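Structure, as structure tokens:
Since every read-out is calculated from the coordinates, none of them should be taken as a lab result. Model, not experiment: these values are computed from the prediction. Note that each Cβ is placed from the backbone with ideal geometry, even for glycine, and that neighbours are counted across all protein chains shown.
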Amino acid sequence: GKKIDAPVKPLRLLKHGSLPRKIRRAYDNNWKPIMELMENEVADEIRNRHVDGMNYDFFKSTYDEAFKGVCEKYPEFADTAKTKNWKVSTYCKKVATVKSQRKKAMV
């Protein structure tokens, strides 16, 4: 294969309106919720960061910080994520369930 240099495009900037419906739904249901939670944890670090300034160390540190923040807000997530073999879609469902339970408890 031919190697092509391409800039990194953060998922948060994904415009998915032109994706097939099945893929769009999968993204919205199985990826977007957890990605938004993690992004909110590191919003200040990534807000004005140019793609050229994103390297392995930057990705690793922001991921670790975001993961830690989500685990603090959702201990249920942290308990099973400790194995580091977690699937994004599984935790999107778990976070949705916890949010729903919290809303019911407030009523």
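The simple spin-label model puts a point 7 Å past each Cα toward its Cβ; for Val98 and Lys60 those points are separated by 2.6 nm.
Determine the alpha carbon to alpha carbon distance for each of Lys3/Lys32; Lys3/Lys60; Lys22/Lys103; Lys60/Lys103; Lys15/Lys99 and list only those over 31 Å.
Numbers: Lys3/Lys32 29 Å; Lys3/Lys60 24 Å; Lys22/Lys103 29 Å; Lys60/Lys103 33 Å; Lys15/Lys99 26 Å.
The pairs that break the limit, which is 31 Å between Cα atoms, are Lys60/Lys103.
Multiplying the residue separation of Glu76 and Ala43 by 0.36 nm and removing their Cα-Cα distance gives an extension gain of 9.6 nm.
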